[in-house]
Amino acid sequence: MKSPLGRVMGLGSAREGTEDFFKDRLRAVLLMFLTPFMIFLGVWLFGRSRDEVVGALSSLWIAPAVFVFMALAILHMRLGMQTIIEDYVHHKGMKVTLLFLNWAFCLAITASVFLSLIRIFFQQI
């Protein structure tokens with residue numbers, strides 16, 4: 001049911017809400033399983049020598065898990081901040097600026113994390 005103004009402006013469902021909801025829940029479930037593993041890994045590596053840490057992070061079993069965890073965590077962070085900005089910032093210029101800064105910050109984190117992981121992984125090979 002649409003209002004007359006909604007019909008004129010063409011506002012309505014984008015028909016993507018269910019897909020976004022499903023993707024969010026899938027990421028959350030994956031993070032729910034990977035987070036305890038990352039906590040255990042961090043506790044296990046705490047206080048070890050640099051060579052042991054690099055050796056563990058370059059393992060074919062641990063490196064992909066860290067890679068996937070970081071990708072999901074950064075995406076989860078970006079989408080969460082985007083939702084907060086869209087819901088609570090009402091000035092159009094400030095909203096666009098904050099959304100861009102959120103995107104740029106997450107891109108910078110992603111680049112630094114993945115370049116570091118790739119460097120660590122190929123250092124041992």
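Assess whether Leu34 counts as being within 30 Å of Gly17 (Cα to Cα), under 16 Å from the mean Cα position of the chain (by Cα), among the aliphatic types (A, V, I, L, M) and surrounded by 16 or more Cβ atoms within 10 Å (Cβ to Cβ). Yes; evaluated as a whole, the condition is true for this residue.
When you scan region 34-125 for helices (runs of 4 or more DSSP H) that lie fully inside it, which ones turn up with 3 or more residues that are among the polar types (S, T, N, Q)? Quick ask: steps written out before the conclusion?
On the way: elements: 50-57, 62-88, 92-123.
It comes to 92-123.
Can you name every residue in region 66-125 that is among the hydroxyl-bearing types (Ser, Thr, Tyr) and more than 19 Å from the chain's Cα centre (by Cα)? Selection gives Tyr88, Thr97.
Taken over region 1-28, residues that are at pLDDT 65 or above and within 30 Å of Met70 (Cβ to Cβ) amount to 13.
Applying the selection to region 78-108, what residues are surrounded by fewer than 12 Cβ atoms within 10 Å (Cβ to Cβ), under 19 Å from Arg27 (Cα atoms) and of a type in the set (Gly, Ala, Ser)? The answer is none; no residue qualifies.
Take the conditions without any contact (Cβ under 8 Å) to a residue 60 or more places away in the chain and touching a Lys or Arg at 6+ places or on another chain (Cβ under 9 Å) and apply them to Ile62. Does it pass? So Ile62 does not fit the description; no.
The values are calculated or read from the model by the stated rules, or taken from the named source; none is laboratory data. A quick note: this is a predicted structure, and the numbers were derived from the prediction, not measured. All Cβ positions, glycine included, derive from the backbone under ideal geometry; neighbour counts span all protein chains shown.
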